[in-house]
Each structure stands twice: as C-alpha cells, then as structure tokens.
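The values are calculated or read from the model by the stated rules, or taken from the named source; none is laboratory data. On a predicted model such as this, the values are computed, not experimentally measured, just so you know. With ideal geometry, Cβ positions are generated from the backbone for all residues, glycine too; neighbour counts draw on all protein chains shown. Calculation scope for accessible area: heavy atoms of the full protein, side chains included, ligands and nucleic acids excluded. Shrake-Rupley method; radii C 1.70, N 1.55, O 1.52, S 1.80 Å.
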Amino acid sequence: MNGGYIVIGVEEDSGVPVLPPKGVPKELLDGIQQEIFQYCNLIEPRYVPQIEVVNYPDKDTHLLYLKCSPGDAGPYRAPKDVYSKKTSDKPDKTMYYWIRPASLTTIAKQGEIAELF
C-alpha cells in the first residue's frame, strides 16, 4: 500500500531491467500519455498517476515515469480486460479489485477485498 513506479521504455528479462534502456520514440510520447489517461478513466474511482518524461541519459532515449502514489479514495477496481479483441469475442469489462503479492498481479479474493477496505 505504498504505491510505486512504472517505467515505460525499459525492457525486462525475468523481472530485471535490461540496460541501457531502449526508450520510447519521441513521436510516440504524447500518444502513450493519452492512452494512459484513457485507461485511468476505466479505474473506479478514477486514478491518475503523475507522469514525467525523462531523458536517460542522452537526448534520444526517452522514458515515461509513472509515479503511482497510494490513493486516498481506494480501494480501486479495474476491468479484467481493457484491450479490444480482433476476434468476435468482446473484452471482459467486469470490474475487479486487484492485488499485487510479490511480483504477481491477481484478482483479489473475498478475504483480501475485506482487508483492502
């Protein structure tokens, strides 16, 4: 319940960052930020992290840092599937509470939901 950071533009290998980072092409930075805000609108209650564009360490390697502070309005829930499918199946928009034990993100079970509240 301390929040955390998400860094966009760094690959990972078994949970370990691959350095140096490849970064995000400059022309994609605005579109990615807009997409993040669209996903934030799916969270109930709405949650928006602080977003910062960082050059690491040269001018051509752009990273997006998302500072995800603990929110005061939680617990929060989000849909199981936010991506549209290319098949006839529709995304599962059922809302769930999510937890992150260790490095795994999973749907919270009833006792875990009670603990969140």
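Averaged over its residues, the chain has an accessible area of 76 Å² per residue, based on protein heavy atoms and a 1.4 Å probe.
Here is the list for region 22-83: chymotrypsin sites (Phe, Trp or Tyr not before Pro) lying in DSSP coil, each with at most 15 other C-beta atoms within 10 angstrom of its C-beta, are TYR76, TYR83. Sequence-ordered 3J(HN,Hα) estimates for region 3-9 from the Karplus curve with 6.51, -1.76 and 1.60 and θ = phi - 60° stand at x, x, 10, 10, 10, 9, x Hz, glycine and proline given as x. Rounded to the nearest percent, how much of the accessible area of the chain (1.4 Å probe, protein heavy atoms only) is carbon and sulfur? Answer for the chain: carbon and sulfur cover 53 percent of the accessible area. Relative contact order for the chain: what percent, with Cα pairs under 8 Å and sequence separation of 6 or more? Relative contact order for the chain comes out at 22 percent.
The coefficient of translational diffusion for the chain, derived via Stokes-Einstein from the alpha carbon Kirkwood radius under 37 °C and 0.692 mPa s, stands at 202 µm²/s.
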